Each structure stands twice: as C-alpha cells, then as structure tokens.
Amino acid sequence: MDASFIEGRRIKAGWLAGAALAAAIGAAAPASAQETKVAIGISGWTGFAPLTLAKEAGIFKKNGLDVTIKKIPQASRHLAVASGDIQCAATTVETYVVWNAAGVPIKQIFQLDKSYGADGMVVRAGTASIKDLKGKSIASSGPGTSPYFVMAWMLKKNGLSPKDVTVVNMEPGPAAQAFIAGQNDAAMTYEPYLSSVRAKPEAGKIIATTLDYPVVMDTFGCSPKFIAENEKAVKALADSYFEALDMIAKDPKKSNEIMGADVKQSGDDFAASSKYLRWQDKAANKAFFEGDYKTFTKEAADLLLEAGVIKQIPDLNALAETRFIQ
C-alpha cells in the first residue's frame, strides 16, 4: 500500500478523533456557557432579600441565569437601567410611575413583598402627631424614592405636604443613624434600619408605619427590550423568586442566615426584621395585579403629580406585564 495513502488515513483518523473529543467536551461543558446574563439593581431593603437568596443558593443558576446583583440607590437605579448597566430592578410600585414618567421604560413582571410595618416615620418623643412636624426637619431620600413617597403620603393624610417641612436628603440607613445620634426632628427609614430605632427608644419613637398607611408594595421589573429579547429568562427570574420563597418556608434557618449576611445581620436578627413584611407568592401576585394594583397606582400617580415629583402621568396600563407569573 502506498505510504502516502497510509499517512493520509492516519491524519484523517486523527482529525476525526480530535473532532469527536471536542464534541464530547462541548457536550460535557457546564450549563454556565448557555446561561443568560442579567444584572439586577436593588438596595439593602429586607423585602428584596429572596433575590439574594436565589443567587447565593444557586437557584438562579439552576434555572439558566447568570445573575449579578448590584446595590444601587433607588434615586439613581433607573439611570442604571437607561445606561444598560442593569437590565432589571426591584423597587416600589409607585416608583415605576416616576421612572416611566422620566422616560425610562421598565415593566413590572412580579410582586416581591408588601410592607407590614417595615417602613416608617420616626420622631422625637415630644412629637404628638404628624401634624406637629410643620416647620420641622425630616431626613428622607429625595423625590422619586419610596421613603419620600411614604413621607408625602403620610403628610398629605395629615393636612401637610413636603413644602411644609424641611426635607434633609439622606438614605434610609444614614437617616436612621443620624436620628439615633440626635440629628433632625424626624426620619423616614425601613427595615433593617427601622429596627435600630426600635432598639433605641431613648432616641425617639416610631409615630407611623405601613401598618397605619399600607402604601409600600415592591415589585420586580425589567426593561421592555430585555423582556422582548429574553422571554425564557424573564420567566426563569419569576420562577426563581418563587422557588426562593419555597426555600425560606422549608429551611428558614439557612435561608435567614444567607439573607441576613447580605445586610450584615445574624440569621435571627434578619428573621426578626422580616416579620414586618410579607413576601408574595404566586397566588398573592395574581390577586394583587387583578385587584389593588390599578387603584393604588392611580392614586399614587395623582399624588406624585401633585407633589411635583413628576410633570405628567405616563400610560399606567403599560407599567406591568404579568404573564410570567401565570
């Protein structure tokens, strides 16, 4: 047999073996090569913790997602969406009105939580009512944030407006710390920072929470572009959240330790602070979007317009796309 023919057969055989090996390696490659990358913007708010749990416990990864979670102040979270730095974000229902009114389209796809005393206004011991805050200073995040909205809502229900007080721009954590240190007449904050005030009654008192004014409801949303281009991934985001809630129910100790670590709390302390909110499962999600969602969004939009936070009300019917929770 011709030596060149034999050599040619050897080369061909070697090439086929190499191709087969490469195919085998490719088939055995980890699923991460096919995971959809998505960056999510959140804050240290207790209600967002199941998203952290879904990442740290591998739930997102199991469902084909490569998730990066970024802590971004609420006031600038929509700017990160607009720039493409993040594709999705967690925030309060009325904030989607603000963001869309500002020209940053983002749609809610599922509800995260409802506050049951986890957000509140703290005041000095001598303040008998919210009406007594006229002319006083209140530490709060700026216009377009949840603390500012809750403050405006509470003031309005007591015959006042943000124009009747001096708003000192501070995020919820620093606002609580400053209040405990004796700064400002009042402050708007939320868990886990509200519990630091609960633990220091000598600093002042909690005059009102979302038990008195149930207006803090958080949802998870993504840009319309990301939704249109990644429907399977968006469904996986919703499913992962609900799986995280299942994990909390089945293994609360481990879950609380993971979630607490993210906000520098022990598992027990995190469990205590999370008692002031309710995470919303799939059934609660469906009931919310079919019920209270539209009424609240309309009233919230009217208040935001009245307070000068937005210049015009966007299309409220375009702010949610809930088919992913079905």
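The values are calculated or read from the model by the stated rules, or taken from the named source; none is laboratory data. On a predicted model such as this, the values are computed, not experimentally measured, just so you know. Neighbour counts are summed over all protein chains in view; Cβ atoms, including those assigned to glycine, are modelled from backbone coordinates with ideal geometry.
Every residue in segment 100-127 that is touching a strand residue (DSSP E or B) at 6+ places or on another chain (Cβ under 9 Å), of a type in the set (Gly, Ala, Ser) and farther than 30 Å from LYS235 by Cβ, please.
Passing the criteria: GLY117, GLY120, ALA125.
Can you tell me which residue is nearest to the chain's Cα centre (by Cα) among those in segment 242-273 that are touching a residue at least 40 places away in the same chain (Cβ under 8 Å) and not in a helix (DSSP H, G or I)?
Ranking the qualifying residues of segment 242-273, first place goes to VAL263.
Search segment 267-302 for residues being of a type in the set (A, V, I, L, M) and in contact with a helix residue (DSSP H, G or I) (Cβ under 6 Å, 6 or more places away or on another chain), and hand back the single one that is surrounded by the fewest Cβ atoms within 10 Å (Cβ to Cβ).
Looking only at segment 267-302, we keep the residues that are of a type in the set (A, V, I, L, M), and these are 271-272, 277, 283-284, 287, 300-301.
Keeping just the survivors that are in contact with a helix residue (DSSP H, G or I) (Cβ under 6 Å, 6 or more places away or on another chain) gives 271, 277, 300-301.
On the way: ALA271: 18, LEU277: 24, ALA300: 24, ALA301: 23.
That would be ALA271.
Give me the pairs: first residue in segment 58-83 and at positive phi, second residue surrounded by fewer than 21 Cβ atoms within 10 Å (Cβ to Cβ) and among the charged types (D, E, K, R), beta-carbon distance under 7 Å, and six or more apart or on different chains, which are they?
Pairs that qualify, where the first residue is at positive phi and the partner is surrounded by fewer than 21 Cβ atoms within 10 Å (Cβ to Cβ) and among the charged types (D, E, K, R), are GLY64/GLU35.
Name every residue in segment 134-151 that is surrounded by fewer than 24 Cβ atoms within 10 Å (Cβ to Cβ) and modelled with pLDDT of 95 or more, in order of residue number.
Step one: of segment 134-151, the residues surrounded by fewer than 24 Cβ atoms within 10 Å (Cβ to Cβ) are 134-137, 142-144.
Selection gives LYS134, GLY135, LYS136, SER137.
Regarding segment 145-164, can at least one residue be identified that is β-branched (Val, Ile, Thr) and over 26 Å from ALA49 (Cβ atoms)? Let's see the steps before the verdict.
Going through segment 145-164, the residues β-branched (Val, Ile, Thr) turn out to be 145, 150.
Now narrow it down to the ones that are over 26 Å from ALA49 (Cβ atoms): none.
No, every residue in segment 145-164 fails to be β-branched (Val, Ile, Thr) and over 26 Å from ALA49 (Cβ atoms).
Kindly indicate whether VAL216 is surrounded by fewer than 23 Cβ atoms within 10 Å (Cβ to Cβ) and of a type outside the set (Lys, Arg). Even if it seems obvious, please write down each step before you answer.
Working: surrounded by fewer than 23 Cβ atoms within 10 Å (Cβ to Cβ): no; of a type outside the set (Lys, Arg): yes.
No; evaluated as a whole, the condition is false for this residue.
Among the residues of segment 154-203, what is the count of those that are assigned to a strand (DSSP E or B), hydroxyl-bearing (Ser, Thr, Tyr) and surrounded by 18 or more Cβ atoms within 10 Å (Cβ to Cβ)? Step through it out loud before you land on a result.
The initial filter retains those residues of segment 154-203 that are assigned to a strand (DSSP E or B), namely 166-169, 186-190.
Cutting the leftovers down to hydroxyl-bearing (Ser, Thr, Tyr) gives us 166, 189-190.
Next cut, surrounded by 18 or more Cβ atoms within 10 Å (Cβ to Cβ) only: 189-190.
Summing the residues that are assigned to a strand (DSSP E or B), hydroxyl-bearing (Ser, Thr, Tyr) and surrounded by 18 or more Cβ atoms within 10 Å (Cβ to Cβ) in segment 154-203 gives 2.
Does any residue of segment 217-234 turn out to be in a loop (DSSP other than H, G, I, E, B), at pLDDT 95 or above and not assigned by TED's automatic domain parsing to the domain that holds TYR148? Can you show your working first?
From segment 217-234, those in a loop (DSSP other than H, G, I, E, B) are 223, 230; that's our starting set.
If we keep only those that are at pLDDT 95 or above too, we end up with 223, 230.
Next, from what is left, pick out any that are not assigned by TED's automatic domain parsing to the domain that holds TYR148: 223, 230.
Yes: one or more hits.
May I ask you to list the residues in segment 292-326 that are among the acidic types (Asp, Glu) and either part of a strand (DSSP E or B) or in contact with a strand residue (DSSP E or B) (Cβ under 6 Å, 6 or more places away or on another chain) (or both)? Spell out how you get there, then give the answer.
Step one: list which residues in segment 292-326 are among the acidic types (Asp, Glu), which gives 292, 299, 302, 306, 315, 321.
Answer for segment 292-326, where residues must be among the acidic types (Asp, Glu) and either part of a strand (DSSP E or B) or in contact with a strand residue (DSSP E or B) (Cβ under 6 Å, 6 or more places away or on another chain) (or both): just GLU321.
Grab the helices (runs of 4 or more DSSP H) fully contained in segment 1-89, keeping just those with 3 or more residues being at pLDDT 50 or above and farther than 24 Å from GLY267 by Cα.
Numbers: elements: 3-28, 49-56, 59-62, 74-83.
Fully inside segment 1-89 and qualifying: 74-83.
Enumerate the pairs (first residue in segment 118-130 and closer than 13 Å to GLU202 by Cα; second residue anywhere and of a type in the set (D, E, K, R)) with beta-carbon separation below 7 Å, excluding pairs fewer than 6 apart on the same chain, so at least 6 apart or on different chains.
Hits for this filter: VAL122/LYS205; VAL123/ASP185; VAL123/LYS205; ARG124/ASP185; ALA125/LYS205.
Of the residues ILE109, ILE130, which is in the same structural domain as GLU243 (by TED's automatic domain parsing), β-branched (Val, Ile, Thr) and at pLDDT 95 or above? First the steps, then the outcome.
Working: ILE130 fails: in the same structural domain as GLU243 (by TED's automatic domain parsing).
Exactly one of ILE109, ILE130 is in the same structural domain as GLU243 (by TED's automatic domain parsing), β-branched (Val, Ile, Thr) and at pLDDT 95 or above, namely ILE109.
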